[in-house]
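**Q** The following block contains the structure, expressed as structure tokens.
The values are calculated or read from the model by the stated rules, or taken from the named source; none is laboratory data. All of these numbers come straight from a predicted model, not from anything done at the bench. So basically every Cβ, Gly included, is an ideal-geometry build from the backbone, and we count neighbours across all protein chains shown.
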């Protein structure tokens, strides 16, 4: 069962971030909780999608399918930078503006591991975050980083290793 206390706590910064940035969050759908996930695993992307009309559905669906298949359907999924922006990597000023929100999310999620989606996020977190929990990196799920089958295979392998490394942790959903 979802941790309703954590979900309620996550809704407060979500409302403030929507007010401040007018942004998109990882939605709760297809049995994946997205931003409102309360299992103690946090997946961190770069920023909201810049695709025309919002998030590219095939990429989104593939990522969510993998989260569910590998037992991460109830993980907290977020972006380091919350505000909409042009294509490319966020500036230091953008990360600085969003950093307090990210730290607040982490304090609520209380993760046992934080998983960076791609090298840029990993490097940025490694540089900025005084962490007490492990920081891991997996391939970013967007197909711009490789073919659909190659990215899918890499993510499957990396998610399997992550599950193995988590040892006895049992999330609410087991494949």
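**Q** Among the residues of the stretch 79-93, which ones are farther than 17 Å from residue 19 by Cβ and either in contact (Cβ under 8 Å) with a residue 24 or more places away in the chain or under 14 Å from the mean Cα position of the chain (by Cα) (or both)?
**A** The answer is 80, 85, 86, 87, 89, 90.
**Q** Let me ask another. Can you name the residue in the stretch 125-153 that is at pLDDT 90 or above and under 14 Å from the mean Cα position of the chain (by Cα) and is also nearest to residue 95 (Cα to Cα) among such residues?
**A** Restricting to residues being at pLDDT 90 or above and under 14 Å from the mean Cα position of the chain (by Cα), the top hit is 125.
**Q** Can you pull out the residues in the stretch 16-48 that are assigned to a helix (DSSP H, G or I) and within 27 Å of residue 132 (Cα to Cα)?
**A** 16, 17, 34, 35, 36
**Q** Let me ask something else about it. Among the residues of the stretch 1-46, what is the count of those that are more than 16 Å from residue 100 (Cβ to Cβ) and at pLDDT below 85?
**A** Number satisfying all stated conditions: 12.
**Q** Which of the residues spanning the stretch 59-112 are surrounded by 15 or more Cβ atoms within 10 Å (Cβ to Cβ), touching a strand residue (DSSP E or B) at 6+ places or on another chain (Cβ under 8 Å) and not in a helix (DSSP H, G or I)?
**A** Residues satisfying the conditions are 72, 73, 74, 75, 76, 77, 78, 79, 80, 111.
**Q** Turning to a different aspect of this structure: Given the structure, is residue 57 modelled with pLDDT under 85, under 21 Å from residue 25 (Cα atoms) and out of contact with any helix residue (DSSP H, G or I) (no Cβ under 7 Å at 6 or more places or on another chain)?
**A** Taking the combined requirement at face value, the residue satisfies it.
**Q** Another question, then. I'm checking my understanding of the structure. Among residues of the stretch 156-170 that are modelled with pLDDT of 80 or more and outside any helix (DSSP H, G or I), which one is nearest to residue 112 (Cα to Cα)?
**A** Within the stretch 156-170, the match that is nearest to residue 112 (Cα to Cα) is 166.
**Q** Can you tell me which of (1) without any contact (Cβ under 8 Å) to a residue 60 or more places away in the chain; (2) touching a helix residue (DSSP H, G or I) at 6+ places or on another chain (Cβ under 9 Å); (3) crowded, with 16+ Cβ neighbours inside 10 Å is the one residue 134 doesn't meet?
**A** (3)
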